[in-house]
Amino acid sequence: MGTKVKVESNFINFELNEKEVTGYKLVLETKNAKYAKSNDTYQTLTITGDVQRIVTNNEMIYKMIKDWTKIRYGMSADFYVKVTVTQVFMDEVFREIVFPNAYMRDFTETINPNTGEGSFVITLLQKIDKVGDIVFQPFDEEFREQEVYYEQRVDAVNVMSSSTDNIINAANTVVNAFKPNNSDINDVIRKGFEALKTITPPNNKVSDIDNIGLNFIANLERNKDEVNYKNGILIDIPQSGKDIGYGHDTVTNPLGYTPPENMSPADALNLLKKDTKEITDKFKKDIKAKFTQQQLNALVAIRYNCGALSQFDGLLDMLESGKYDRDKLTNTINNYYRGLVQKNPANNKYLNGWLNRTEKMMDVFFDGNYGYMPIDAVNGRVN
């Protein structure tokens, strides 16, 4: 569930996305008790948001908001604006509120002096003689049902496999997690399958790493202390030995040009995307097995760190079989690392790190648990 805000007038036009808006509050009030039987009612809309995200994404929008605060009543035709607040869920409009003649009553901005992070609160009122023009899309209970199914889909994933029977079991997991009172069971199952559409079933082959997978690799290759950031904003990624960006090895995979010592977040992300795309393109060609998104993310991370999966004795056969045992998969990968130590005892100093990395990848492959990821490489932030 997310909230978007759109402000429109001849002078001010901007939109705030789901990450920039943190919430809203709608209040109906009367001036005081003696006005309770009159038409003198007020509709107040309060919008809260993240200053840092707005400034990072589009500083011009932040400037527009500031300009908006300077408009005085009666001094500008743009004192009144159209404000649309939209709640979305699974790309569907869940609720929409429109104040066609809104004006800003208050604006509050709070900045944390220690972190530099900030929040804002905009309080809006509808023009008092236009209160009847406010538009409310009624709350749709079906969307609430879908939301609950969506929240339970993680449980469904845990029982899903490539077989039709287990996909049905996954739907039943959703149904059992939330069964609306007095609902026809067929309707419940139908809505359960609608919720499951947001999951990529294993019998639909996933072929590309997603943003979570990109951030997972970025955090495996760099820790928080190895990047430069300020006020939660990623500034650059310093070179580390022969590695640039998020672990690109310039010796085994030269770029053909001399990269900067400190790579920008955008360049580092683009290089990571390029490297991982080369991996997934090879997967598409060489591996017939079908993976869930979390399984593919884990395998790309393994390949990114170690090279060809064929180096792991028996791994490709195990993957193609579609039958995965955590202990066997872990041992297959770790036996390769132990072999590196046997060939060169100097590698023993890296062994614990390699084994810990394997555990992290197994957490992703089997449980979808990515652990703590302070670096958000996709959005250029550090938490």
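Side notes on the structure shown:
- Using the Cβ-Cβ distance between Ser207 and Asn58 with R0 set to 30 Å, the FRET efficiency works out to roughly 0.40.
- Sorted ascending by nearby beta carbons within 10 Å, beginning with the fewest, Tyr336, Tyr246, Tyr372 become Tyr372, Tyr336, Tyr246.
- Listed peptides 105-111, 64-70, 274-280 by packing density, highest first (mean Cβ within 10 Å): 274-280, 64-70, 105-111
- Site pair Lys282 and Tyr350 shows an inter-label distance of 1.6 nm when each label is modelled 7 Å from Cα along Cα→Cβ.
- Potential lengthening between Gln342 and Lys66 on full extension [0.36 nm per residue; Cα-Cα distance subtracted]: 92.9 nm
- Selection of trypsin sites (Lys or Arg not before Pro), region 327-378, meeting DSSP coil and at most 11 other Cβ within 10 Å: none
- Measuring r between the beta carbons of Thr22 and Tyr372 and using R0 = 22 Å, the FRET efficiency lands at 0.50.
- Cα→Cβ-extended label distance, 7 Å offset, between Leu316 and Thr48, nm: 5.4 nm
- Sorted ascending by nearby beta carbons within 10 Å, beginning with the fewest, Glu8, Glu59 become Glu59, Glu8.
- Cα coordinate range in region 230-374, projected on the principal axes (Å, largest first): 43, 37, 32
- Between Glu261 and Ala308, full extension at 0.36 nm per residue minus the direct alpha carbon distance yields a gain of 14.1 nm.
- Ordering Thr330, Thr358 by the number of other Cβ atoms within 10 Å of each residue's own Cβ, fewest first, gives Thr330, Thr358.
- Residues Lys274 and Asn13, FRET efficiency given R0 of 35 Å [Cβ-Cβ distance, rounded to 0.05]: 0.45
- Cα-projected label distance for Glu117 with Asp225, points at 7 Å along beta-carbon direction, nm: 2.1 nm
- Among the listed pairs Lys25/Lys82; Lys19/Lys282; Lys290/Lys328; Lys328/Lys349, those beyond 26 Å (Cα-Cα): Lys19/Lys282
- For Thr110 and Lys323, the difference between the fully extended length at 0.36 nm per residue and the C-alpha to C-alpha distance is 71.4 nm.
Bear in mind that the values in this text are calculations on the coordinates, not laboratory data. Remember, it's a predicted structure, so these values are computed and weren't measured experimentally. Glycine gets a Cβ as well: all are built from the backbone with ideal geometry, and neighbour counts include every protein chain shown.
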